[in-house]
Ligand SMILES: Nc1ncnc2c1ncn2[C@@H]1O[C@H](COP(=O)(O)OP(=O)(O)OP(=O)(O)O)[C@@H](O)[C@H]1O
Ligand SMILES: [Mg+2]
């Protein structure tokens, strides 16, 4: 049986978004439950990743382009935040739009080769461009802080009030998760999202009905870059110290892994993938080497068993369990033409 | 003035001269048939006109505008639509969404007088409305052909190039398709159709052009072309 993006469980697109917003609101109360600051820190890291993942869901889930260079785009956001703070005294909120735009512009550069090369070759190219970026950071002298990176001293504040507690920053991150989910949902359920899916499904046919395939691909990169830039600013203000290796190849691969595990086409996918992958080592009490092995195993398992990710797999299971109610559920997609 | 004018069109793939200097015009409101043996360059002719391939030499003029070498989406937006020899769709999306997407990029041509402006009207026209919520990928072949036609029409062409629209269809489906295509000139859409089914071509096309090894060997009223000794020789008297 084929699984489709529009399913019974998550079929109503606004229902999925509503559920996510409720979940995020509930999660905002977690610090009240006396959870350790270690867990809250992990949750912030997960949230920061989820923000990029929603951008990647536009690029990979909607447009069908896999990028292994997005950690570098997060890096652009993070370094932009740190440098703006250092050289211009521009704080968190001022850095956000500038970082988003700069990451978006670099994303266009990363995406440009997709006009000429496709498939595996392109994936490798994005990987190489990501590596190039860390080399640039490492050799950037005082401007980028070289291999040691940069510190960020400005406080994060909202309406002049400093956000100095971990719980407050956690809630700020959740706010951005919610915004990212709303934005990804907006893309998926718009004419723009349909255009991207057309490119994903059949480039030749998309061109024949008037879609400029190349422009859409590069545009999807730019959009995913905006998310990455925002994520980078959050990361810089959370970690307070950034260095090139945080934006090198492994972080990019983790992002792809999270996306694959969660599932890129369903609105719950990035959230589930970001949380699962961030918390797995904690749950199983694994050291970094063990967790890398576990990630590898998970990735293979997901690719082989759950091509739509964990969320997609669960949705399909639900579809099968309720299949008796529909003559042929696989052949019918609800005409709400959305991804949920 | 012809709607489309092709002059000295050449297309070479390595050593293969797929098109060897083809001149062809398609008039407004016309249904022109293009026939020829396998590998004679029919699909290549479409591919070069629609921007899928860049020509090696020659030009394509559309309503007085030079279209040579424009990318596929620009050709489509200028009003030249086409369907593929290999029936195509967006397989993971519903039939309705397939057509909806196709209605969204026509570049505002014929805003006032186009007969099918919504996906539902297009599905009604080709008779696919009952399948609107089905996922397109697993559709039977005949339905895919109709979906392809609906999508091509959704882009609001003034000229529609159909590459073997009848291939793989049974007699009933072919007749239904011919009925649809015949209505197009009345809606301001010229048609150029490739097919090997001579019954279909005789029924559809008052005029026929014949390609052989990338060269046009005949062009004129269908009956006359089919009686042309050069054409008969190409087909070895068999297929006609
Ligand atoms: N993309 C390509 N690369 C290389 N050669 C090609 C390409 N497309 C077509 N050809 C060659 O060009 C010639 C014409 O092919 P074309 O597909 O245009 O023929 P056709 O008339 O459409 O045939 P058919 O009736 O089988 O569809 C053939 O020799 C074919 O092998
Ligand atoms: Mg052909």
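Here are some notes:
- The residue of region B:37-69 that is farthest from the other protein chains (Cβ to nearest Cβ), among those that are within 12 Å of ligand 1 (Cβ to nearest atom), outside any helix (DSSP H, G or I) and closer than 22 Å to residue A:209 by Cα, is B:54.
- When residue B:168 is tested against (1) within 16 Å of ligand 2 (Cβ to nearest atom); (2) on the phi < 0 side of the Ramachandran plot, only condition (2) is not met.
- For region B:186-197, a residue qualifies if it is surrounded by fewer than 20 Cβ atoms within 10 Å (Cβ to Cβ) and either under 13 Å from the mean Cα position of the chain (by Cα) or within 16 Å of ligand 2 (Cβ to nearest atom) (or both), and the qualifying residues are B:196, B:197.
- Search result, residues across region A:227-241 that are in contact with a helix residue (DSSP H, G or I) (Cβ under 6 Å, 6 or more places away or on another chain) and surrounded by fewer than 24 Cβ atoms within 10 Å (Cβ to Cβ): A:238
- Residue check for residue B:9: away from chain A (no Cβ under 14 Å), more than 9 Å from ligand 1 (Cβ to nearest atom), crowded, with 22+ Cβ neighbours inside 10 Å and farther than 22 Å from residue B:226 by Cβ: yes
- So residue B:16, is it free of Cβ contacts under 8 Å to residues at least 40 places away in the same chain, surrounded by 15 or more Cβ atoms within 10 Å (Cβ to Cβ) and within 16 Å of ligand 1 (Cβ to nearest atom): no
- Test: residue in region B:206-223 that is buried (at least 16 other Cβ atoms within 10 Å of the Cβ), within 16 Å of ligand 2 (Cβ to nearest atom) and either within 14 Å of chain A (Cβ to nearest Cβ) or farther than 29 Å from residue B:10 by Cα (or both): no
- Any helices (runs of 4 or more DSSP H) falling wholly within region B:81-169 and containing at least 1 residues that are in contact with a helix residue (DSSP H, G or I) (Cβ under 8 Å, 6 or more places away or on another chain), more than 13 Å from chain A (Cβ to nearest Cβ) and more than 21 Å from residue B:50 (Cβ to Cβ): B:119-126, B:141-154
- The numbered conditions (1) more than 10 Å from every other protein chain (Cβ to nearest Cβ); (2) more than 20 Å from the chain's Cα centre (by Cα) are all true for residue A:217 except (2).
- Residues of region A:177-186 that are more than 13 Å from residue A:19 (Cα to Cα) and surrounded by fewer than 21 Cβ atoms within 10 Å (Cβ to Cβ): A:179, A:183, A:186.
- Enumerated helices (runs of 4 or more DSSP H) restricted to region A:81-192, each holding at least 2 residues that are under 17 Å from the mean Cα position of the chain (by Cα): A:92-111, A:120-138, A:166-188
- Residue in region B:19-32 that is more than 14 Å from chain A (Cβ to nearest Cβ), over 15 Å from the mean Cα position of the chain (by Cα) and away from ligand 1 (no atom under 12 Å from the Cβ) present: yes
- Of all residues in region A:74-92, those satisfying the criterion of being modelled with pLDDT under 95 and either touching a strand residue (DSSP E or B) at 6+ places or on another chain (Cβ under 8 Å) or closer than 18 Å to residue A:220 by Cα (or both) are A:86, A:91, A:92.
- Evaluation of residue B:72 against (1) within 16 Å of ligand 2 (Cβ to nearest atom); (2) within 14 Å of chain A (Cβ to nearest Cβ) (one fails), failing number: (1)
The values are calculated or read from the model by the stated rules, or taken from the named source; none is laboratory data. If you're wondering where the values come from, they're calculated on a predicted model, not measured in any experiment. Glycine gets a Cβ as well: all are built from the backbone with ideal geometry, and neighbour counts include every protein chain shown.
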